[in-house]
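Notes follow the structure.
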Amino acid sequence: MKLKHYFLLLAVGIVLLAGVALFATFRSHPTLFYVTEGFVVLILFYLWYFYRKTIRPYDTLIGGMELVRELDLTTRLAPSGQHETDIIVRTFNDLLGRLRSEHLRLEEQYTFLNLLIDASPMGVIQCDLDGNTTSMNPAAREMLSPSIEETIQALPLGETTTVRIPGGPQLFRISHLSFPDRGFQHPFFLIESLTSEIRLAEKAAYERVIRMIAHEVNNSVAGIIGSLTGDEAERLTALSSFVSRFAEVVKIPQPQLQLCDLSEEVEACRPFLENLCTQAHVHIDFRLTDEAVPVHLDTVLFQQVLINIVKNAVESIGTTQGLVILEVTTPATLTITDNGHGIPPAIAKNLFTPFFSTKPQGQGLGLLLIRDILTSHHCTFNLLTDPEDHLTRFTIQFTIQKTQK
C-alpha cells in the first residue's frame with residue numbers, strides 16, 4: 001500500500017472520530033459543539049496542507065523513479081514549492097541530465113564500435129559465457145571455414161595460433177581473447193588474414209635467393225662451358241636452364257587487365273589444352289556457358305595459369321583412363337576437374353607453399369606461378385579432392401565485373 005493511501009485512511013479516521021465527537025457535543029453542550037466543529041475544520045485544512053507539502057511531492061519523486069526505471073531520461077520533475085522537496089527535485093533533475101548525457105555518450109560509442117567492427121578487415125566472433133557464438137562481423141562470415149571452426153572450438157582462452165586453409169593459399173591468425181562485462185570475462189575471437197603479408201615476405205625471400213643462385217651459377221657456367229665438349233657441356237647447359245626456370249618465377253610482370261568474356265578466353269586456349277591432353281591419352285571436356293561472364297584478365301598470364309593447371313591434372317591422372325573437365329559458371333567461376341589420384345589432406349595444407357612439390361623431380365614452381373598470377377588478379381581459389389566422388393577440383397572465383405548499360 002502506498003503512503004498516500006495510509007494518509008487517506010488517517011484522514012478518514014480523524015473525520016469519523018470528529019463526527020462522533022461533534023454528535024455527542026451537540027446534544028450536551030451546543031457552544032462546545034461550534035468550538036469543536038471549528039477545530040475539526042482547522043484539522044482538515046492542516047491535513048490538506050500537509051498532503052500538498054509532503055505526500056504530493058513524495059508521489060512526484062516516486063514518479064521520477066518510475067521514469068528512471070523505464071529509461072525515460074528526457075522528462076524532468078517540476079518544482080513542488082516545498083523547499084526541502086525542491087532540493088531533492090533539483091538534485092534529481094541534475095542526475096537525470098547527467099545520466100542522459102552519459103547514456104548518449106555510451107550509445108554513440110557503442111554505435112561507433114559496431115560500425116568499426118563491421119568495417120574491420122579482421123574477423124570478430126563474440127561468444128556468450130558458455131562459448132556459444134552470439135554475433136560475428138561480415139569479415140568473420142567471409143573467412144569462416146571448417147578448418148577455422150575446428151581451430152576455434154579447440155583454442156584455449158588467451159592462446160593464439162595460425163591456420164592454413166587446405167587446398168588454398170590462405171593463412172589466418174586466430175586469437176582467443178576476452179573483455180570484462182558486468183563482472184564477467186566475455187570471450188571473443190579475432191581472425192586476421194596473413195595471406196598477403198606472408199606471400200610478400202616469402203616472395204622477397206625467394207627472389208633474393210634465386211637471383212643470387214642464378215647469378216653465381218650462370219657466371220660460373222659461362223666461364224667454363226666454352227672449354228668443355230660433349231656430355232659435360234650439355235650437363236652444364238641443362239644446369240643453367242634449370243636455374244633460369246627459377247629466375248623466371250620472380251619476373252612475372254604485373255597483369256595488364258582488360259575486360260574479357262571468361263568463356264571466350266577458355267575457348268581460345270582449347271587447341272593448346274586439347275593437344276596437351278591428347279598426347280597423354282586424356283579426354284578433355286569443355287563446359288562453357290552461352291551467357292556472357294565479364295571478367296578483367298591479362299590474357300597471356302591467364303593462358304599460363306590454365307596450361308599449368310591442366311598440365312598438373314594430366315600428370316596426376318597418370319596412366320589411368322583420364323578425364324579433365326573445364327567448366328565456366330556464373331558468377332565468374334572457372335572449375336577444372338580431373339579424376340586423377342587426388343590430393344591427401346596432409347598434402348593439401350602445404351599446397352601453394354614456395355617450392356613444395358610431391359613429384360620426385362618437381363621444383364614446386366607450377367603452383368607458385370599459378371598462385372602469384374591469380375593473386376595479382378584478385379581471385380580467390382582452392383585445390384581440393386572431394387572425399388565423396390574422389391574428383392579433384394581447382395576452383396577459381398574471379399572478381400565480378402558489372403556490365404555498363
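The values are calculated or read from the model by the stated rules, or taken from the named source; none is laboratory data. This one's a predicted model, so the numbers in the text were calculated from it and none came from an experiment. Cβ atoms come from the backbone with ideal geometry, glycine included; neighbour counts cover every protein chain shown. Heavy atoms of the whole protein, side chains included, go into the accessibility calculation; ligands, DNA and RNA do not. Shrake-Rupley method; radii C 1.70, N 1.55, O 1.52, S 1.80 Å.
Just one of the numbered conditions (1) in a loop (DSSP other than H, G, I, E, B); (2) over 28 Å from residue 164 (Cβ atoms); (3) of a type in the set (S, T, N, Q) is not true of residue 350: (2). Going by the structure shown, is residue 128 open to solvent by less than 50 Å² (accessible area, probe 1.4 Å) and at pLDDT below 90? Answer is yes for this residue. Scanning the range 388-405 for residues that are within 28 Å of the chain's Cα centre (by Cα), of a type outside the set (Val, Ile, Thr), open to solvent by 60 Å² or more (accessible area, probe 1.4 Å) and modelled with pLDDT under 90 yields one hit, 402. Of everything in the range 306-320, what is in contact (Cβ under 8 Å) with a residue 40 or more places away in the chain and open to solvent by 20 Å² or more (accessible area, probe 1.4 Å)? Give them in sequence order. Across the range 306-320, the qualifying residues are 308, 311, 312, 315, 316. Hey, does the range 97-110 have a residue that's part of a helix (DSSP H, G or I), at pLDDT 65 or above, touching a helix residue (DSSP H, G or I) at 6+ places or on another chain (Cβ under 8 Å) and not aliphatic (A, V, I, L, M)? Checking the range 97-110: not a single residue is part of a helix (DSSP H, G or I), at pLDDT 65 or above, touching a helix residue (DSSP H, G or I) at 6+ places or on another chain (Cβ under 8 Å) and not aliphatic (A, V, I, L, M). When restricted to residues that are out of contact with any His (no Cβ under 7 Å at 6 or more places or on another chain), more than 22 Å from residue 374 (Cα to Cα) and either free of Cβ contacts under 8 Å to residues at least 40 places away in the same chain or not aromatic (Phe, Trp, Tyr) (or both), the range 169-187 contains 11.
Restricting the range 356-383 to residues that are modelled with pLDDT of 85 or more and open to solvent by 70 Å² or more (accessible area, probe 1.4 Å) leaves a set whose member that is nearest to residue 256 (Cα to Cα) is 378.
How many residues are part of a loop (DSSP other than H, G, I, E, B) and of a type in the set (A, V, I, L, M) if we restrict to the range 115-134? Write out each step before concluding.
First pass over the range 115-134, keeping only residues part of a loop (DSSP other than H, G, I, E, B): 120-122, 128-132.
Those left that are additionally of a type in the set (A, V, I, L, M): 122, 129.
Matching residues across the range 115-134 total 2.
Applying the set (1) open to solvent by less than 10 Å² (accessible area, probe 1.4 Å); (2) modelled with pLDDT under 85 to residue 336 leaves exactly one unmet item: (2).
Within the range 281-305, the set of residues being surrounded by 19 or more Cβ atoms within 10 Å (Cβ to Cβ), within 27 Å of residue 365 (Cβ to Cβ) and hydrophobic (A, V, I, L, M, F, W, C) comprises 282, 284, 295, 297, 301, 302, 305. With respect to being at pLDDT below 85 and in a loop (DSSP other than H, G, I, E, B), residue 169 fits the description.
The single condition among (1) at pLDDT below 70; (2) in a helix (DSSP H, G or I); (3) open to solvent by 70 Å² or more (accessible area, probe 1.4 Å) that residue 18 does not meet is (3).
Scanning the range 238-266 for residues that are open to solvent by 50 Å² or more (accessible area, probe 1.4 Å), in contact with an Asp or Glu (Cβ under 9 Å, 6 or more places away or on another chain) and modelled with pLDDT of 80 or more returns 254, 256, 257, 258.
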